[in-house]
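Some notes on the structure that comes next.
The values are calculated or read from the model by the stated rules, or taken from the named source; none is laboratory data. If you're wondering where the values come from, they're calculated on a predicted model, not measured in any experiment. Cβ placement follows ideal geometry from the backbone for every residue including glycine, while neighbour counts extend to all protein chains displayed. SASA here: full protein model, heavy atoms, side chains in, ligands and nucleic acids out. Shrake-Rupley method; radii C 1.70, N 1.55, O 1.52, S 1.80 Å.
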Amino acid sequence: MKIGILTGGGDCAGLNTVIRAIGLYAYRNIKNAEIVGIPDGYSGLIRGESRPLKEGDIDALLGQGGTVLGSVRTPFKMMTVPEEDGQTRLEKMLSNYKKMGLDCLFTLGGAGTHRTAALLCAEGCRVIGLPKTIDNDIYGTDVTFGFHTAVDVAADAIGRVRTTADSHGRTILVEVMGNKAGWLTLHAGIAAGADVILLPEIPFNIEKVCAAVQAAYAKGKRSCIVAVAEGAVVDAEAPYKKKERAFVRVERGETTVTNHLAEVIGESTGAETRGTVLGYIQRGGSPSAYDRVLSTRLGRYAALLAKEGRFGVTAAVNGSEITFNALPDIAGKYKLVDPDSELVHTAEEIGICLGR
């Protein structure tokens, strides 16, 4: 069996560990296994590029961050648009899949990667997906690999910010990644003891956020920490499209909701405020022990699916079990934080303000 592996979308901790687990299982349990890595995600498949992945090459990947295969974002909406040569990217991928002689293609990625994987599957390619993203927003799985490492990093960073905030008696807003889903902000905020947590799924009321900041100081705290998902939105503008929202305007010099909200809080409460953006630090670095184990389990299970001839699926976590979903059932769908969930209620009932 000739197996191709690619990593699509943004990088995260655990990608190399999954590649390692697929390879180690395949070389030990699949007769005449041959594994090739496709560089730069779907871009590499479009170009028809690959390189051998020998057992000795992959065994050392366990704790290595990022992806040794490289990754380039390739928008799903462009896959069926004819290019200058008259061919679509989808047609090129299908042609190169056959030219490479692949018996199976593993696609490690998030929601966009899964949409393209489903498209390839519909055209006859034998594809198995694996759920990767720090946003934890892939439909049909309890958790994605890379998420827990990002939570650890973000929680640690917020905790470090707290010490500076305490030293100077400041309110500091910490922007956490998550444009559509607030899982990372919610988990990291609870873990780090944030006073306010703002999520895309729960539009926030400015007055209530300011009141929570004032309440923190009234209780004798020296500082206040507001964890803000990058996709958080003020309640008055939630019904509008992103480009129609006025709370953040480029011409005003504000690039994020976090920066502008820091100014608003400072003006309303009189507290000295600052904003900080964690950025790519959340995606980088070595995977945590939890993600190393999860990635190994998912990679091994995906390779087992290939051995059994089960394609057109993506691996998933359901409780304590590793299972799978059909690609057409989950592609293009997102798993978002339920505003009425137990975890949200837990945060609010221990005194964390979610802006509502």
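Output the residue which, of all residues in the stretch 78-93 that are surrounded by fewer than 18 Cβ atoms within 10 Å (Cβ to Cβ) and aliphatic (A, V, I, L, M), is nearest to A118 (Cα to Cα). Break it down into steps so the answer makes sense when it comes.
Going through the stretch 78-93, the residues surrounded by fewer than 18 Cβ atoms within 10 Å (Cβ to Cβ) turn out to be 78, 80-88, 91.
Going one step further and asking which of them are aliphatic (A, V, I, L, M), we end up with 78, 81.
Details: M78: 15, V81: 17 Å.
Within the stretch 78-93, the match that is nearest to A118 (Cα to Cα) is M78.
Out of the helices (runs of 4 or more DSSP H) lying entirely within the stretch 1-114, which hold 3 or more residues that are under 20 Å from P287 (Cα atoms)?
Hits in the stretch 1-114: 15-29.
Each row is one residue, and each column tells you yes or no for (1) in contact (Cβ under 8 Å) with a residue 40 or more places away in the chain; (2) open to solvent by 30 Å² or more (accessible area, probe 1.4 Å).
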{"position": "S288", "(1), (2)": "yes, no"}
{"position": "L298", "(1), (2)": "yes, no"}
{"position": "L304", "(1), (2)": "yes, yes"}
{"position": "G312", "(1), (2)": "yes, no"}
{"position": "A315", "(1), (2)": "yes, no"}
{"position": "K335", "(1), (2)": "yes, yes"}
{"position": "V344", "(1), (2)": "yes, no"}
{"position": "E348", "(1), (2)": "no, yes"}
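Filtering the stretch 193-215 down to residues that are part of a helix (DSSP H, G or I) and touching a strand residue (DSSP E or B) at 6+ places or on another chain (Cβ under 7 Å), which residue is farthest from D338 (Cα to Cα)?
V213
Of G23, G66, which residue is open to solvent by less than 30 Å² (accessible area, probe 1.4 Å) and modelled with pLDDT under 95?
G66
Does A229 satisfy the condition of being hydrophobic (A, V, I, L, M, F, W, C), in contact (Cβ under 8 Å) with a residue 40 or more places away in the chain, under 28 Å from A212 (Cα atoms) and in contact with an Asp or Glu (Cβ under 9 Å, 6 or more places away or on another chain)?
Numbers: hydrophobic (A, V, I, L, M, F, W, C): yes; in contact (Cβ under 8 Å) with a residue 40 or more places away in the chain: yes; under 28 Å from A212 (Cα atoms): yes; in contact with an Asp or Glu (Cβ under 9 Å, 6 or more places away or on another chain): yes.
Yes.
Quick test for you: out of V151, V143, pick the one residue that is at pLDDT 95 or above and not in a loop (DSSP other than H, G, I, E, B).
Only one candidate passes the filter, namely V151.
Across the stretch 10-20, what is the number of residues that are among the small types (G, A, S) and crowded, with 24+ Cβ neighbours inside 10 Å?
So the count comes out to 2.
Residues I134, I46: which one is surrounded by 14 or more Cβ atoms within 10 Å (Cβ to Cβ), among the hydrophobic types (A, V, I, L, M, F, W, C) and either in contact with a strand residue (DSSP E or B) (Cβ under 9 Å, 6 or more places away or on another chain) or closer than 28 Å to A150 by Cα (or both)?
Testing whether each residue is surrounded by 14 or more Cβ atoms within 10 Å (Cβ to Cβ), among the hydrophobic types (A, V, I, L, M, F, W, C) and either in contact with a strand residue (DSSP E or B) (Cβ under 9 Å, 6 or more places away or on another chain) or closer than 28 Å to A150 by Cα (or both) leaves just I134.
Just for strands (runs of 3 or more DSSP E) wholly inside the stretch 238-356: which have at least 3 residues that are in contact with a helix residue (DSSP H, G or I) (Cβ under 7 Å, 6 or more places away or on another chain)?
In the stretch 238-356, the matching strands (runs of 3 or more DSSP E) lie at 273-277, 313-318.
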